[in-house]
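Here the structure comes first, spelled out in structure tokens, and everything after it is commentary.
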Amino acid sequence: HRVHGDFTSALSMDSTSGADDIRATHAALMAASSLIQRFCGKTNLKYLECKKTHSDPARCIAEGDSVTRCAADVFDVVDTACTPSFAALTKCLDKNNLAFDRCRKEAAAFQTCADAQSFAEKPNTDKQ
């Protein structure tokens with residue numbers, strides 16, 4: 001996964017643990033949360049079910065890695081296609097203490113861009 005664009009301060013990837021870890025600000029995660037839920041919801045549910053079923057966290061590493069890869073794929077599409085609108089939304093959220101209601105204009109612009117993208121082509125998303 002790569003990171004570039006105007007919001008690199010809000011998002012970075014760290015692969016020192018063996019699997020990519022997403023390092024994102026609260027604003028970046030909040031801005032992308034609806035997309036992550038939409039395109040990674042099934043993957044997230046599998047991970048939560050695994051954690052519920054097994055008391056040993058090591059039993060769910062593969063599922064956790066799948067969640068991270070799925071979210072990273074969502075961020076890849078956002079970074080490639082929607083950098084300006086995503087950066088504007090994260091900046092607005094940062095400026096307004098994560099008050100989403102104060103960033104409706106930026107959120108609408110980002111959503112319009114995100115809706116136009118083809119997440120179905122990403123290998124790790126739920127392809128909904």
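State whether the residues of the range 77-96 include one that is in a loop (DSSP other than H, G, I, E, B), of a type outside the set (Gly, Ala, Ser), at pLDDT 95 or above and more than 16 Å from the chain's Cα centre (by Cα).
Yes - at least one qualifying residue is present in the range 77-96.
Say we look at the range 35-45 and pick out the residues that are open to solvent by 30 Å² or more (accessible area, probe 1.4 Å) and under 15 Å from the mean Cα position of the chain (by Cα); which of these is nearest to Asp115 (Cα to Cα)?
Arg38
Inspect the range 5-24 for any residue being farther than 23 Å from Lys91 by Cα and modelled with pLDDT of 90 or more and give the result as yes or no.
no
Under 23 Å from Ala116 (Cα atoms), in a helix (DSSP H, G or I) and in contact with a Leu (Cβ under 7 Å, 6 or more places away or on another chain): which single residue out of Ala27, Ala72, Ala32 fits that description?
Only one candidate qualifies: Ala27.
Please state which one of Ala109, Ala87, Ala81 is buried (at least 20 other Cβ atoms within 10 Å of the Cβ) and touching a residue at least 24 places away in the same chain (Cβ under 8 Å).
Ala87
For the structure I just gave you, tell me whether Thr83 is among the polar types (S, T, N, Q) and touching a Gly at 6+ places or on another chain (Cβ under 8 Å). Before you say what the answer is, go through the steps one by one.
Working: among the polar types (S, T, N, Q): yes; touching a Gly at 6+ places or on another chain (Cβ under 8 Å): yes.
Answer is yes for this residue.
Kindly indicate whether Leu48 is surrounded by fewer than 17 Cβ atoms within 10 Å (Cβ to Cβ) and outside any loop (DSSP other than H, G, I, E, B). I'd like the intermediate steps shown before the answer.
Working: surrounded by fewer than 17 Cβ atoms within 10 Å (Cβ to Cβ): yes; outside any loop (DSSP other than H, G, I, E, B): yes.
Answer is yes for this residue.
If I ask for residues that are without any contact (Cβ under 8 Å) to a residue 24 or more places away in the chain and either open to solvent by 40 Å² or more (accessible area, probe 1.4 Å) or within 13 Å of the chain's Cα centre (by Cα) (or both), which ones from the range 57-74 would you list?
Once the filter is applied, which keeps residues that are without any contact (Cβ under 8 Å) to a residue 24 or more places away in the chain and either open to solvent by 40 Å² or more (accessible area, probe 1.4 Å) or within 13 Å of the chain's Cα centre (by Cα) (or both), the range 57-74 yields Pro57, Ala58, Arg59, Ile61, Ala62, Glu63.
The values are calculated or read from the model by the stated rules, or taken from the named source; none is laboratory data. Just so we're clear, the structure is a prediction, and the values are computed from it rather than from any experiment. Neighbour counts run over all protein chains shown; Cβ positions are idealised from the backbone, glycine included. The accessibility values were calculated without ligands, DNA or RNA, using every heavy atom of the protein model including side chains. Shrake-Rupley method; radii C 1.70, N 1.55, O 1.52, S 1.80 Å.
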